[in-house]
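Just so it is clear, none of the values below were taken in a lab; they were calculated from the coordinates. Because the structure is a prediction, the values reported are computed rather than measured. We place every Cβ from the backbone using ideal geometry, glycine too, and count neighbours over all the protein chains shown.
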């Protein structure tokens, strides 16, 4: 198992416009082998953005959520903070703000993300193909907040 060098307190909050991190988004796209010329502010227009930060303010992850469709568009955690509950804390923040039921699309090639979601109790409800590749739609309908 990959060792992570982050451990500590995580604060998740709704981002402001000054928090929009194109560099972090490009890292996310690059890891998935997608076009890194895309812009976070364009791709996530109209969505609520959450960021997770450590105790000194370093950004450890982000999520983009489209409220009308209860749809998680993006969840990205920086490599050093993976497997440290950062992703789960972001999902809990979404549930606290917008309810427990939501869905997302996960590229089938992103096996570690799919394993993460399934371990949290997400269920596969559909599948399809986009220009980014094959995906599965996953949905959660129970609270992660305990």
Query raised in the report: What value does segment 42-121 have for Rg/Rh, both radii from Cα atoms and Rh as Kirkwood defines it?
Result: 0.94
Query raised in the report: Taking the Cα-to-Cβ direction at residue 129 and at residue 48 and moving 7 Å from each Cα, how far apart do the two end points lie in nm?
Result: 3.5
